[in-house]
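The values are calculated or read from the model by the stated rules, or taken from the named source; none is laboratory data. Quick caveat: nothing in here was measured; it's all calculated off a predicted structure. Note that we place each Cβ from the backbone using ideal geometry, even for glycine, and neighbour counts take in every protein chain shown.
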Amino acid sequence: MTVTLPVVPPPVEEEHLSKSQRAEILAEIDALRTKHNAVVLAHSYQVPDLQDIADFVGDSLGLSRQAAETDADVIVFCGVHFMAETAAILSPEKTVLLPDLRAGCSLASSITADELRDWKAQHPGAVVVSYVNTTAEVKAESDYCCTSANAVQIIQSIPEDQKILFLPDLFLGEWVKRETGRENIELWLGECHVHAGIVSEDVERARHDWPDAELLIHPECACGSKCMLDLQSGKLDSARTKVLSTEGMVRHAMQSESDQFVVATETGVLHRLNKLAPGKEFRAVRESAVCGFMKVNNLTNVRDSLRHMRHHVTVPQEIADRARVAIDRMVSIG
Ligand code: SF4
């Protein structure tokens, strides 16, 4: 397998902005949003500033749904490139803007459409389930898309005797195999550099430092397999350990009676958790679990994006039409 990882850009800091400069930028974003009938969609891993100005904050699935349902003419997508592509596929009549074209994704880059075609040729008749963190071209070669929130549901909707190719995230794939009890799933060996960096030693340290906290783990994390084994052996308390998507973490934290949580995913979600579950304490299992691709978006380039209608993300119609089939199947199931 040949994997060419994109270079992770350095974060674009905005601490240099004075209070009045920030206020000016915010006012201009609001004026431009109205002028262009635009909405700002922000992923939960975005910097707090962008989560705070967004019309909607969520995970990949939630943002896909918002992109499909909004009446806006313009979508400013504060996320990464494959997410903007998905919005463009679902809403071809809308203008989808990505504030910074460096917003790539190491996981989406771990498989190309050519590699997927080769893999399919090695497994004729297999059904292809692609995590939504893939390029439009890879989605176009897939039968179903899924997110971490609905991956188990999607797999369970496929007849049990049907062989499945699951891509590109190895750790999510291993979790899905365990959850569904299916052996006839082949896994692509891709990973997200952020979640793959969250290892079981991080979890052990966090649990030692914060023994009463609930542990919330994203299934893309490298620590997932060890945690699942520890759950089976009783080393981890199943009542206090949950494997959840980012939106699942938010919902769970809001409803749970616990008031302390250690969170194993990209640290941007802590802002959302703190906002939606005030009074509770959240701590990252790994403070350095920061996605540089997500962090290239900021107030200045969102403002510039609306000012200059850039960077317009489009998907060729022939690819979009095939990719939409896989995405629509996902949205209709879960
Ligand atoms: S956190 Fe990982 S999967 Fe998400 S955008 Fe960044 S590199 Fe991609």
Original post:
Restricting attention to the stretch 286-293, does a residue exist that is out of contact with any strand residue (DSSP E or B) (no Cβ under 7 Å at 6 or more places or on another chain) and either more than 16 Å from the ligand (Cβ to nearest atom) or part of a helix (DSSP H, G or I) (or both)?
Top reply: no
**OP:** Answer yes or no: is there a residue in the stretch 47-60 that is away from the ligand (no atom under 16 Å from the Cβ) and closer than 19 Å to Ala320 by Cβ.
**Re:** no
Original post:
What is the residue count in the stretch 54-96 for residues that are more than 23 Å from Glu318 (Cα to Cα) and surrounded by fewer than 19 Cβ atoms within 10 Å (Cβ to Cβ)?
Top reply: 3
Original post:
Consider Arg307 against the criteria (1) out of contact with any helix residue (DSSP H, G or I) (no Cβ under 7 Å at 6 or more places or on another chain); (2) away from the ligand (no atom under 16 Å from the Cβ); (3) touching a residue at least 60 places away in the same chain (Cβ under 8 Å): it satisfies all of them except one. Which criterion is unmet?
Top reply: (1)
Original post:
Does any residue of the stretch 179-196 turn out to be touching a residue at least 40 places away in the same chain (Cβ under 8 Å), among the basic types (Lys, Arg) and not assigned by TED's automatic domain parsing to the domain that holds Asp230?
Top reply: no
**OP:** Please go through the stretch 169-191 and pick out each residue that is touching a Leu at 6+ places or on another chain (Cβ under 9 Å) and among the charged types (D, E, K, R).
**Re:** Asp169, Glu174, Lys177, Glu186, Glu191
Original post:
In the stretch 286-334, which residue that is under 21 Å from Gln66 (Cβ atoms) and among the hydroxyl-bearing types (Ser, Thr, Tyr) is surrounded by the most Cβ atoms within 10 Å (Cβ to Cβ)?
Top reply: Ser305
Original post:
Is one or more of the residues making up the stretch 34-41 surrounded by 20 or more Cβ atoms within 10 Å (Cβ to Cβ), within 15 Å of the chain's Cα centre (by Cα) and modelled with pLDDT of 95 or more?
Top reply: yes
**OP:** Scan the strands (runs of 3 or more DSSP E) fully inside the stretch 67-163 and keep the ones with 2 or more residues being within 19 Å of Ala320 (Cβ to Cβ) and more than 14 Å from the ligand (Cβ to nearest atom).
**Re:** 74-78, 95-97, 144-146
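For (1) acidic (Asp, Glu); (2) in contact (Cβ under 8 Å) with a residue 40 or more places away in the chain, each residue gets a yes or a no:
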residue	(1), (2)
Asn37	no, no
Val40	no, yes
Asp55	yes, no
Asp59	yes, yes
Gln66	no, no
Ala72	no, no
